[in-house]
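All of the numbers you see were taken from the coordinates with simple rules; none came from a lab. The model shown is predicted, which means the values in this text are computed figures rather than measured ones.
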């Protein structure tokens with residue numbers, strides 16, 4: 001916990017320094033890169049747990065609890081760490097500032113590449129992942145999960 005608070009303080013200092021020097025774009029790209037790195041760790045661990053429960057694999061038993069803890073403990077922080085990406089989205093994603101009428105690629109993908117749709121898809125994906133993580137928490141708590149209900153008793 002102390003490391004996360006220290007990392008958050010360093011990020012805040014970095015934001016203030018880049019803001020004072022008018023380099024917010026650099027901070028936004030750096031934040032997006034680090035966010036995507038840790039999100040890939042979280043989603044990779046979640047994927048391994050899902051594959052383990054899907055195939056009832058024996059090879060992944062030694063690492064399953066480790067992956068469950070990574071996915072369950074890191075994901076709430078990822079939702080919190082997404083806030084700067086959402087706030088700085090117009091700086092990061094250039095298509096948010098362009099008119100779809102002037103760009104054929106944006107016009108053909110207009111239902112998806114709009115600012116409200118960006119936030120809607122983000123909320124839906126975080127919601128789906130939250131449900132998956134909640135099922136993992138339920139499985140580690142010893143209660144019956146959706147995956148275990150479907151198994152046949154031997």
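Computed values, structure above
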item	result
From the C-alpha gyration tensor of region 15-79, square roots of 5λ in Å	36, 9, 7
Rule-of-thumb Rg ratio for the chain [Cα; 2.2 N^0.38 Å; N residues]	1.32
Distance between region 40-54 and region 56-78 - C-alpha centres, whole angstrom	7 Å
10 °C / 1.306 mPa s Stokes-Einstein diffusion coefficient of region 84-141, Kirkwood radius on C-alpha pairs, µm²/s	118 µm²/s
Contour excess over end-to-end distance, with Cα ends at residue 87 and residue 22 and 0.36 nm allotted per residue	21.8 nm
